[in-house]
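Let me begin by presenting the structure, written as structure tokens, before commenting on it.
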Amino acid sequence: MRKINLLMRIVIFTAMVLWVGVAGRAWANTVYVAEVEVANPLSVNIYAVGIGDVGTEAGNYMIKYQTDPNTLVSGFCIDPHYSSDLFNPYLVQSIPKGSGFEAAAWILAQNYSPALAPAAQVAVWELTWDYQYGRAFSLTTGDFRLNTPDPVTSQLAMDVTAIYNAALDGIGPGSTFDSSRYVTLHSPVTAGATDYQDYVMPNPNPTPVPATAVLLGTGLLGLGLLSRRKKAGKGRQGREEEGALVSRLR
């Protein structure tokens with residue numbers, strides 16, 4: 001019995017430690033990221049506050065992690081600053097509900113076709129630079145602007161408008177969108193360091209909910225069984241003592 005109880009305690013302890021370890025990895029970490037390329041690119045000229053007018057590419061931003069440099073991950077740029085093909089530290093940040101970042105994550109989740117990737121990227125910029133700070137949709141005013149192609153009459157502008165509106169509907173009331181599957185990667189700005197552009201990406205280390213549930217369930221089940229065995233042992237011991245007392249009285 002002592003060996004069984006010891007084994008049960010080991011199982012419970014191991015399950016709890018694993019559960020805490022897995023659950024604790026969710027957000028608290030820094031990753032090293034390098035940008036590889038912009039896939040499905042379209043050359044655009046944009047304005048962003050603090051940067052000014054700049055020519056860049058809109059499309060799927062492909063990055064790689066230092067821990068897995070042979071795998072490319074697709075996302076969108078949310079901060080059109082400088083990019084680097086060298087590995088730099090990024091903070092993994094969760095996405096607030098109802099924010100422009102959640103709408104950007106919703107766009108990423110749709111896996112738009114290559115033809116619509118540039119429009120999706122421009123919509124992400126508008127959401128994270130203007131909608132995020134309470135400004136109405138406009139590609140001609142605000143902290144983000146599209147200079148070329150034409151921000152009103154071009155096919156790009158019309159596609160951007162449609163994707164922007166779809167994203168806000170996608171995270172609106174009654175939405176079942178799970179933003180925990182996505183994160184923003186933020187380049188920390190420190191004295192003397194370059195402010196690299198930020199990204200919205202699939203969560204690089206999502207907590208595997210089924211696995212944690214199994215681990216927690218194992219621990220709770222073990223506690224239950226151990227408690228029942230202790231009660232059963234006490235009950236059996238009590239009955240044995242009572243029988244011995246009756247025998248002596250006879």
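Using Cβ contacts closer than 10 Å as the measure, can you line up Arg145, Arg181 from fewest to most?
So the ranking, lowest neighbour count to highest, is Arg181, Arg145.
What FRET efficiency, computed as 1/(1 + (r/R0)^6) with R0 = 41 Å and r the Cβ-Cβ distance, is obtained for Asp68 and Thr153, rounded to the nearest 0.05?
0.45
As an exercise, identify the chymotrypsin sites (Phe, Trp or Tyr not before Pro) in the stretch 45-130 lying in DSSP coil whose Cβ has no more than 11 other Cβ atoms within 10 Å.
Numbers: sites: Tyr47, Tyr61, Tyr65, Phe76, Tyr82, Phe87, Tyr90, Phe101, Trp106, Tyr112, Trp125, Trp129; in loops: Phe87, Tyr112.
Listed in order of number, the matching sites amount to none.
Check which residues have an amide H placed less than 5 Å from Val36's amide H, if you skip close sequence neighbours.
Amide H to amide H, under 5 Å and 5 or more residues apart or across chains, Val36 pairs with Met62, Ile63, Lys64.
Using label points projected 7 Å from each Cα along Cα→Cβ, tell me how many nm separate Ala166 and Thr141, to one decimal.
According to this spin-label approximation, the distance is 2.8 nm.
Using the count of nearby Cβ atoms within 10 Å as a rough guide to exposure, how do Lys97, Lys64 rank from fewest to most?
Numbers: Lys97 11, Lys64 18.
By the 10 Å Cβ count, ascending: Lys97, Lys64.
Tally Lys/Arg at +1 and Asp/Glu at -1 over every other residue whose Cβ is under 14 Å from the Cβ of Asp53; what's the total?
Net of charged neighbours comes to 0.
Values in this text are rule-based calculations from the coordinates and carry no lab data. Note that the structure is predicted; figures quoted are calculated from it, not measured. Counting neighbours? That spans all protein chains shown, and the Cβs are built from the backbone with ideal geometry, glycine included.
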